[in-house]
Structure formats: structure tokens, C-alpha cells
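Below is one structure, written out as C-alpha cells; the observations come after it.
The values are calculated or read from the model by the stated rules, or taken from the named source; none is laboratory data. Here the structure is a predicted model, which is why all the values come from computation and not from measurement. For neighbour counting, all protein chains shown are included, and Cβ atoms are generated from backbone atoms with ideal geometry for every residue, glycine included.
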Ligand code: AHR
């Protein structure tokens, strides 16, 4: 009898706690109030001459046994086309400030080689250069974003590159382009003036860089250019203020300002494993990602102060997770696997960028193939689509959609005395009036009931859902094996007029399509 009473009491208490916590989980979506466009370039990519990103990952050469189009892997082209890549940044990263573009044009057998001293000290034979990169962009349907060499290059070299790529007039540079097989200019819009000029891009002071930026930008002229200045370290607000102050009178020279953020745990000196991790690392990697929002908002606050008309875009042109390299691989190649945790983290980054889309005009995950938080991994002729790839596939619905204002209240996910919100969300409406709502439950142990109220519509007519989750938080897709993590359909919700009750499984990302 005593035992029975105890059981009943336990059941009542559990029920009460479920009701209480579920009441705390509420999302209000203002379907009729959106004004801000989520720039499709927030779903951008980054491909550097680093490890096997270009060589082996994208470029295999025309004579390769791996099926290719003019030297570019067909499997990679096809996979990337499926996620609608809007823009790709190239050739670096740190490599950009050591790269001399003229070495990468003309007959391949005549191109000089160099040592890639930024990454692994390997020989770079320059077989993938400007023409090959711009061909790759055309094949995958993306816009190119080029980064000029400020660290070890010259203003003339940068000006020549812009002219070679963009000018339709007769000149030695355009004659050279035509001689190399390209009659019409490509008209590349996005140009970065150096990369991480505070560090691998030349270890400059912000004052010195601001002057150099103006000098380079002045002579990079051909075409309608969108010039992007190098940001400082993510929390270096002094760098930002100096650049914005010193370029204030030169508005025509600056259109974008770069921001980089990597999630790393426990620290840069010794990073954790991509696949072998505990809940402690799960929590801390996610927490480190969420910390980014505060840094981003502080950068935005400074931009609002110096650029109240919102003319200069914040370009988060490097972001992602960074772990120890996979064992047995070259430490300079930054090759890492990619688990469900990375898909969850990518959703948090992208929700943050979406929700700050008024100022964030581009973001480029690092990097496209075989490096850091990659979309795709390759091993000879084999290719794997990572969980992050599937997240990008699921989130492509937000590209160029209208951001909807939301109000989210949710319970916390706690770990060893620290707490973070257990749900992250971003919601948009596309040009057909379809609402796409992305929701992440970061708690790896608990399903969460979320109540959603859609304001501004009377009744939901149709509803479909997709989910990314897996049995274990460190599940990943491996070569030659069935995929463990990909997109599946999701229908664990109840509909009531314009309200919804959604059961979000633990460690999952869900996107609902609402009409
Ligand atoms: O993405 C790897 C490196 O990280 C880039 O080359 C550099 O810009 C950043 O520090």
C-alpha cells in the first residue's frame, strides 16, 4: 500500500513538472510583421588552399580517374548544387596573403610552384587558379568572392587582378585574360582586402591596416565592387572602431566589414576530438557557439554608431567548429570528421545570423570540403555528405526570405552548474507566403514540448516537417557505410487553428513548412 502511494505521488510530481516546464516553452511568431531580408549569402561557403580542400576535394585535374568536369569533381559539383550555395570565398584565409594570382593563370604546365607555408609546408603547383575557381563557381551556381593579398602583395597586383577579372576594356590585363581563353569579364562583385590582417595577414595594427585598406581600395576599381575590410579578433572592438572611424569619410571605398568566429573547446592549445566526446564537450562547444552572439551584437552596435544608415554589411566570412585533426592526418591540413553535434552547432550559428540579418549580409562556413566544419569529405573517389551538409540543405529555405520577428521563452539546459537556453529558433517567410520555422533542441537528454502561436494568420492549412537527429550525439557519416545522420520527415506535432504543439526530440534540429 505504502509503495503504491509512493508510485502515485511520483507520477503526479512528474506530470506536474512536465506541465510546468512545457508551459515555459513558448514561441510566438509574428507572421505579419517581417521587414528584414535574410540575405542568401548568409548561406555562403569558404574554400581555401589548405589541406585537401582544393586539391583532392574540389580539383582532381582533367586526367583523373575520378569523374570530373574540366578537372572539377562531378560528385562535389552535384552535391553542392543541391544546397544552393550562393557565394564561395577564395583563395584564403591565411593563404590569400601569401598568394600571387599571376602564378595561377596561363598554361598549367608553365605555372610556377610555391610552398604553402601557411598550411603544412606542401608544394602548391598553382594548377587551380583564377580561371579554375571561377569555373567552379559557375558549375555550382555560386557567386565568387575573392580575397586580395595585402600581407605580402602589392597594390598594383591587387588592382591588376580586379582589372583582369572585371574589365571589358582593352588593356594588357584584359588581353592576357583573353589569351588565357576568357573573352568576356566575369564581373566579380565581392572582394576582400586582406584576411585577418591583425594576425596571419601581416600582424598589423588597426591604424596601419585602415590606411592600407584605403590605399588598396582606391586602386581596386574595375566594375561595381563590394570591398570588404578585414575585421580584428572577434572580441577586438578597438580594431572595429578604428577601421570604421578612419574610413568614415571614404564611404565609397568600404561596403563590408569582416567578422570571424570559431567554436573551440577546451582551448586553442589542445582542442577536443570531433567524434570522441562527452556531454561536457557537447555542452561547452554549444555554449561557446552561443557566446558568439554577444560578440556579434557588440560589433553591430559599433557599426550602428558609425554607420547608422546601415550601408556597410557585417560579413561573417569564416565560422564553424574547430577540433583536433583526425589521427594520422597532417596537422597542417585541418581535416576533421563531423557529427550530429556539428549540425546542431551550425543551426545555432545560422539562427543567430538570420536573427541579425539586418546587419549581417554574408557568412561563409569554414570550409567547403575536407577542412574544419566541412560540407563534404572525400577519400579518393569516395565522398561523404556530412551532418552539416544536411543542415545546410534543410536551411536553404531561409535564403532571401523575410525574417519574422519571434519571441521565445524556454527552459534551460543545465550542465555542472551552468545553464543555457535549450531551444534556438529562427523563422522566415518566403515570397510565396510559406513560413519556414527552424527549431533546435540542444538538450541531448530530453525531448521538449514547444507551444507555438502564429500571430497574423487565422488557420494553418498545411504543415510538413523535416528533422535532423540520430541515436547518439557523436553519430557521423563514414566512407562506404550507410548514412547515420541525414534529413528525415517529421510529424510529431499537433495543430490547433493557428497554434501548434511540437514535440522536439532531444538533440535535434527541426524545420516546419507552414502554409
Ligand atoms: O580557416 C582556417 C584559417 O582560420 C584561415 O585560413 C584563417 O583566416 C583563420 O584563422
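Scanning region 253-264 finds no residues that are within 16 Å of the ligand (Cβ to nearest atom), without any contact (Cβ under 8 Å) to a residue 12 or more places away in the chain, more than 18 Å from residue 217 (Cα to Cα) and surrounded by fewer than 20 Cβ atoms within 10 Å (Cβ to Cβ). When the test is whether a residue is outside any helix (DSSP H, G or I) and more than 16 Å from the ligand (Cβ to nearest atom), residue 276 passes it. For the structure I just gave you, tell me whether residue 468 is at pLDDT 95 or above and within 23 Å of residue 26 (Cβ to Cβ). No; evaluated as a whole, the condition is false for this residue.
Yes/no matrix, rows are residues, columns are (1) closer than 12 Å to residue 48 by Cβ; (2) touching a helix residue (DSSP H, G or I) at 6+ places or on another chain (Cβ under 9 Å); (3) within 16 Å of the ligand (Cβ to nearest atom):
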{"position": "85", "(1), (2), (3)": "no, yes, no"}
{"position": "91", "(1), (2), (3)": "yes, yes, yes"}
{"position": "95", "(1), (2), (3)": "yes, no, yes"}
{"position": "98", "(1), (2), (3)": "yes, no, yes"}
{"position": "107", "(1), (2), (3)": "no, no, no"}
{"position": "111", "(1), (2), (3)": "no, yes, no"}
{"position": "116", "(1), (2), (3)": "yes, yes, yes"}
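The residues on offer are 28, 58, 72, and the sole one that is crowded, with 18+ Cβ neighbours inside 10 Å and away from the ligand (no atom under 16 Å from the Cβ) is 72.
Residues that are closer than 30 Å to residue 278 by Cβ and more than 27 Å from the chain's Cα centre (by Cα) within region 481-511 comprise 492, 502, 503, listed in sequence order. Counting the residues of region 171-187 that are in contact (Cβ under 8 Å) with a residue 40 or more places away in the chain and assigned to a loop (DSSP other than H, G, I, E, B) gives 4. Condition check for residue 352 on (1) within 27 Å of residue 441 (Cβ to Cβ); (2) touching a strand residue (DSSP E or B) at 6+ places or on another chain (Cβ under 7 Å); (3) more than 16 Å from the ligand (Cβ to nearest atom): one failure, at (2).
Just one of the numbered conditions (1) surrounded by fewer than 23 Cβ atoms within 10 Å (Cβ to Cβ); (2) within 16 Å of the ligand (Cβ to nearest atom) is not true of residue 64: (2).
Residues of region 38-81 that are over 22 Å from the mean Cα position of the chain (by Cα) and on the phi > 0 side of the Ramachandran plot: 61, 70, 71. Looking only at residues of region 188-213 that are crowded, with 18+ Cβ neighbours inside 10 Å and in a helix (DSSP H, G or I), we find that the one that is nearest to the ligand (Cβ to nearest atom) is 209. Tell me whether region 444-459 contains one or more residues that are within 27 Å of residue 375 (Cβ to Cβ), crowded, with 18+ Cβ neighbours inside 10 Å, outside the structural domain of residue 376 (by TED's automatic domain parsing) and modelled with pLDDT of 95 or more. Yes, region 444-459 contains at least one residue that is within 27 Å of residue 375 (Cβ to Cβ), crowded, with 18+ Cβ neighbours inside 10 Å, outside the structural domain of residue 376 (by TED's automatic domain parsing) and modelled with pLDDT of 95 or more.
Conditions (1) farther than 29 Å from residue 432 by Cβ; (2) buried (at least 22 other Cβ atoms within 10 Å of the Cβ), marked per residue:
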{"site": "318", "(1), (2)": "yes, yes"}
{"site": "340", "(1), (2)": "yes, yes"}
{"site": "354", "(1), (2)": "no, yes"}
{"site": "364", "(1), (2)": "no, yes"}
{"site": "367", "(1), (2)": "yes, yes"}
{"site": "390", "(1), (2)": "no, yes"}
{"site": "399", "(1), (2)": "no, no"}
{"site": "405", "(1), (2)": "no, no"}
{"site": "413", "(1), (2)": "yes, yes"}
